[in-house]
1. Just to confirm the number: angle between the C-alpha axis of helix 237-251 and the first principal axis of the chain, 0 to 90 degrees, nearest 10?
2. In what order do 341, 266, 112, 398 fall by count of nearby beta-carbon atoms within 10 Å, going from fewest to most?
3. Simple spin-label model, 7 Å along Cα-to-Cβ: residue 174 to residue 267 in nm?
4. Relative contact order (percent) for the chain, with alpha-carbon contacts under 8 angstrom and 6 or more residues of separation?
5. From the Cα gyration tensor of the stretch 213-372, with a ≥ b ≥ c the square roots of its eigenvalues, which class applies: rounded if a/c is under 1.5, or else prolate if a/b is larger than b/c, or else oblate?
6. Put a dot 7 Å past each Cα toward the Cβ at residue 52 and residue 387; how far apart are the dots in nm?
7. Kindly put 246, 395 in sequence by how many other C-beta atoms sit within 10 Å of each C-beta, fewest to most.
8. Efficiency by 1/(1 + (r/R0)^6): what FRET value for residue 449 and residue 133, r their Cβ-Cβ distance, R0 = 35 Å, to the nearest 0.05?
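We did not get these values from a lab; they are worked out from the coordinates using the rules stated. In this text, all values refer to a predicted model and were calculated from it rather than measured experimentally. FYI the Cβ positions are ideal-geometry reconstructions off the backbone, even for glycines, and counts take in every protein chain you see.
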């Protein structure tokens with residue numbers, strides 16, 4: 001070895017021993033988090049956030065039960081889409097979950113994502129552009145800007161703000177998922193249809209797909225026909241309880257298992273010419289009550305325009321929602337009154353407006369423009385599919401708030417969509433859950449870890465043909481096959 005070469009080798013060895021220059025290369029996670037800005041530093045100027053535009057109002061470390069220490073960032077995207085972002089301080093899994101809201105939103109449902117936070121996800125949620133309660137729409141009165149945010153824009157802008165903030169925190173996510181039910185389900189479908197680049201995977205439960213013409217008018221109809229036109233209710237809670245018992249008596253055994261659950265409600269039929277009575281109470285429906293119940297099942301306009309009513313087996317859920325109980329008016333009386341006062345028409349009729357059954361025929365045409373704004377009915381998911389997007393839709397057969405027909409119609413529309421030859425595999429799998437109410441609850445076996453189902457689909461590329469639902473109390477399980485197949489049998493009894 002020549003003298004110059006030996007001297008060079010000695011200098012390199014000395015440098016390696018005295019510095020970190022020859023240390024092992026950093027892992028991707030180490031490189032991403034080392035030297036990351038502090039949580040408080042996220043309040044400082046971030047050029048991409050300013051360009052959105054969005055603003056951070058607070059950024060501080062706090063403890064969340066089950067998830068440990070997180071960096072919690074609160075802010076808003078223009079004009080008024082408030083959000084909260086939580087970033088795990090340790091053990092981040094590299095993914096972001098956007099949690100949807102419910103009803104009219106108006107608050108930030110971030111705590112509903114704590115299960116994902118505990119699994120290492122960063123989580124984010126938004127109030128959808130306004131402040132209010134889930135059942136009041138006063139915020140929308142003469143406010144078309146807020147309506148656009150509620151329709152679709154708030155979700156998109158907050159998704160962008162969350163990604164910018166994570167990147168600024170040296171936590172650029174490798175996966176972006178969305179999860180929501182009801183209005184949250186609609187948020188997810190809107191993202192897949194309008195902003196297919198925002199999410200890699202979407203979980204949409206009981207989505208309000210046909211916002212006005214499928215859900216709004218159906219719920220308004222159910223309340224109006226039940227309340228009658230002469231000051232006396234045409235359908236009472238006692239009537240509905242008797243009807244529910246009668247349906248169970250006639251149809252529960254059709255699936256071979258008497259368990260309070262109708263596995264396939266559309267196999268059920270009852271004789272409306274015969275007495276309909278509750279076996280335990282002896283209460284029987286009058287002819288007026290029978291006609292009213294049939295009108296609720298049928299939906300407005302004889303079920304046309306996607307306006308079919310709820311399914312057999314859902315009757316117990318009508319009490320308190322379609323008909324009053326215990327001296328209290330039904331939930332959807334005020335809920336739908338606000339929807340049509342402040343959201344449903346291009347020109348808002350305002351607080352003095354009251355819906356009337358005799359005017360119902362006008363509401364379909366008068367709400368057409370707003371229906372187009374708020375509805376997530378587009379079956380063309382090619383852009384979402386081409387970038388590898390995955391969409392899970394689930395719906396309970398007992399749902400009285402968003403009837404299952406809307407999801408069935410959408411799944412059929414997607415399946416029938418004329419895709420180009422050689423196109424990608426359908427990015428959608430839909431599941432109809434026997435005995436499940438709106439989003440959750442009910443006598444059926446319905447608890448599914450949808451986030452794990454989505455993760456597995458995204459990781460393997462293998463779309464789920466069935467999912468496993470559990471009953472935490474009894475340990476029973478059942479396989480729920482993807483639509484249009486019927487569900488599998490109950491096991492573990």
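1. 80 degrees
2. Working: 341 21, 266 11, 112 18, 398 27.
Ranking 341, 266, 112, 398 by Cβ neighbours within 10 Å, fewest first, gives 266, 112, 341, 398.
3. 4.5 nm
4. On the way: 990 pairs, mean separation 60.8, N = 493.
The normalised contact order for the chain reaches 12 percent.
5. On the way: a/c = 2.32, a/b = 1.71, b/c = 1.35.
Since a/c reaches 1.5 and a/b is larger than b/c, the shape of the stretch 213-372 is classed as prolate.
6. 1.6 nm
7. Values: 246 20, 395 29.
Result, fewest neighbours first: 246, 395.
8. In this case the efficiency is close to 0.70.
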